[in-house]
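Below is one structure, written out as structure tokens, with a few remarks after it.
All of the numbers you see were taken from the coordinates with simple rules; none came from a lab. Nothing here was measured: the structure is a model prediction, and the numbers come from that model.
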Amino acid sequence: MSHEPFESQAAAYALGALDGDERAQFEEHLARGCDACVAALRAFDETLADVARELPPTIPPAHVKATVMRRVAATPGRRLSSRRWRSLRWAIGTAAAVVGVSIFVAGFVASRYEARIGAMARETTAIRADLRAQEAALRDRLGVSRTVIALLRDPATRVITLRGPGPSPTTTARLLWHEREGGHLFIANLQPTPPGKAYELWTISAGQPRPAGVFTVDASGQASQPVAANPGPVDAWAVTLEPEGGVPAPTGPVVLASTK
Amino acid sequence: MAWAGAELIRRMADGDADACGVFYDRYARLAYPLIARIVRNPADAADVLQEVFWEAWQTAATYDPARGSPEAWIVMRARTRAIDRLRAIRRRGELFVAPVDEAVVVAPADGGRDASERAADRTAVAGVLDRLPDAQREVIELAYFGGLTQTEIAERLEQPLGTVKTRMRLGLERLRELMKTAP
């Protein structure tokens, strides 16, 4: 195959941006011993190292070095024993590199893959665990969906909007409410609670607040919370910020309150 | 002293833990900003940094000074690892199903935050990349920091694949020239 189409691929290969087929073809081309491409690749790798050097400095977290050194200290000895063999291999490697460019190329390619294989194995395990967690989460959501659909099909269900009076004017909260069945509260854009705190929902009947559930919001400020039926008719709803475990009567600031 | 880094790696290959400490001190400063730029999340970045240097220790014997500088060696490892992590994070994101809550509660507009994030990126990468024409810099950043392939970049920018390829090659060649002439 002619050299022409490959010349332009060295840059993309160095950037890791060649798509599967093209990457395989380019590596095959390298393996056949193309000095020009190897030289280009080497120069581009150095250029990209220079680009990294120009990034604004960020101090690496101190604990990382401690961890690396601990692991390193736990694996001494094994290398020392093979010192002679290693030097021999070093010499052979150097000699071979002089003879042909193929070891060179194999190294180029291998160094791009060796790290990836280990990473992929770990990743597979992580993804499997992740899928299990997501399956559980989806089942939860499916349960919520079914409740919501059942509520919405019932003509006695009302949609109550809660709004933030002060600190959370952008928060939206809706409560699907059925006097007999209870309901479900959905919140978006509510600030996550400080440590040790949680939000508490209250039903207010004849001026008397009654606890209706403690909840927190996720990192994106969302919450989805089932609400049990109230013993009597509810006049109004409110959410306050309270200690983590919840309290029998509201003590903290009102974060959300139902509008008429 | 250009040989010093290569000598450190050779000593690491011989099992010299002190050399590993010196190597870390010298090259973590180079690898970490790149890792942090790619994966964003500081906890992930710290994790990747640790993997990179642990692997450098383990595979020090495979380093060949004729193939490139220690800087290029560690940077390529850092970048490969960081992109692996980034892809893993993205895959998790793709698998995640939009919560039912969004259908019920009006989702907040996200456009503003995205734009300011992009603006922050822009200042963060100030440096030699900013001396490239915008179109070339864009494709190089998407590949180098974003881990996208040429096809993915073409789709994302809605540009013909050939255009992306050309910009990438010209951009990197220009960078190489800029670096050669840099003081």
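With contacts taken as Cα pairs under 8 Å at a separation of at least 6 residues, the stretch B:2-95 carries a relative contact order of 37 percent.
Shape class for the stretch A:19-81, computed from the alpha carbon gyration tensor (a ≥ b ≥ c): oblate, with a/c not under 1.5 and a/b at or below b/c. Anisotropy class assigned to the stretch A:158-258 is prolate, per the alpha carbon gyration tensor with a/c at or over the 1.5 cut-off and a/b larger than b/c.
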